[in-house]
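Rule-based calculations on the coordinates, nothing more; no lab input. Bear in mind that the values here come from a model prediction, so they are computed numbers and not experimental data. Positions of Cβ are backbone-derived with ideal geometry, glycine not excepted, and every protein chain shown enters the neighbour counts.
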Amino acid sequence: MAANLYESDRLVREYLLFHYGSADEILPWSGGPREALGFAVRCVGELLVASVLPGSARALDLGCAVGRSTFELARHCREVTGIDYSRAFIGAAEKIREHGSLDYEYTVEGERTARATAVMPPGVDASRITFETGDAMALPDNLGAFDVVLAANLLCRLPDPHEFLARLPSLVRPGGQLLLTTPFTWLEEYTPRDAWIGGRAGDSSAAALRKLLSPHFELQMEKELPFLIREHARKYQWSVAWGTRWIRK
């Protein structure tokens, strides 16, 4: 059920607007949480320390959706792979990579829509980027290690986040950066209750995540990252992700 949701045209349109929409397209009101716009760009811009990356840096964007954060990583890394479970999301991202833009429609109200164009960010070398459909729970053994791994709002959409976390040390090179964001929205339709990381009485998710990652990673930075997803002109999802940067020991 959850997998089918992310293959729907409605979700593709919502995420194209979420990743590429202008401030006026997403939030055409004088008020509202404008600091929550541009989340995919801020995940990279506010969490990554680009100055320490080698010239040959490799990056992996897990749960890349329609690809904006993948393009942002390509500003700093010579090789970037974006992986998402949704074929529809990856199809849209690849069209933007290949053609430089993608026309789409987003909902205004009911059946009313507006037209927009998702444009590849200027100054990005598309040849550095590869998009792939894949399962974060069953990544290929031959991926190798990366200087940067980004997993934005992926953790609480996995059937077994513990298994995913156990794979991360092999994906991040010593000294490399792991960028994680999550609002800890635990829902049983995605993650069985016994697989949640924290989220129960006396057990916060942030504390549980620190404990699980600390044997292999050092928490270097944490910050609150609000984000805004528009459903239609008068309905939005406003959330706050816990943004973190971890260094592989």
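Once you reduce region 83-105 and region 174-191 to the center of their Cα atoms, the two points are 23 Å from each other. Place a point 7 Å from the Cα of Val108 along the Cα-to-Cβ direction; which residues of region 221-249 have their backbone N under 14 Å from it? Counting backbone N atoms under 14 Å from the label point, the list is 232-234.
Rg/Rh for region 2-248 (Cα atoms only, Rh after Kirkwood) is 0.95. The charge dipole of the chain, taken about its Cα centre with unit charges on the Cβ atoms of Lys, Arg (+1), Asp and Glu (-1) only, comes to about 580 debye. Take every pair of alpha-carbon atoms less than 8 Å apart whose residues are at least six positions apart; their mean separation over the length of region 2-248 yields a relative contact order of 21 percent.
Structure remark: mean-square fluctuation, Gaussian network model of the chain, C-alpha springs under 10 Å; the largest value among Gly175, Gly202, Gly21 belongs to Gly202.
Considering only Ala166, Ala138, Ala116, the Gaussian network model of the chain with Cα springs below 10 Å gives its largest mean-square fluctuation to Ala138. Per the Kirkwood definition applied to all pairs of different Cα atoms, how many angstroms is the hydrodynamic radius of region 1-103? Its Kirkwood hydrodynamic radius stands at 14.7 Å. Among beta bridges identified by DSSP and lying wholly in the chain, the antiparallel ones come to about 60 percent.
Ranking Ala208, Ser239, Val66 by Cα position along the charge dipole of the chain, where only Lys, Arg, Asp and Glu carry charges on their C-beta atoms, puts Ala208 farthest toward the positive end.
A Gaussian network model of the chain, with springs between Cα atoms under 10 Å, assigns the largest mean-square fluctuation among Val41, Val66, Val148 to Val41.
Cα extents for region 112-249 along the principal axes, largest to smallest and rounded to whole angstrom: 50, 43, 28.
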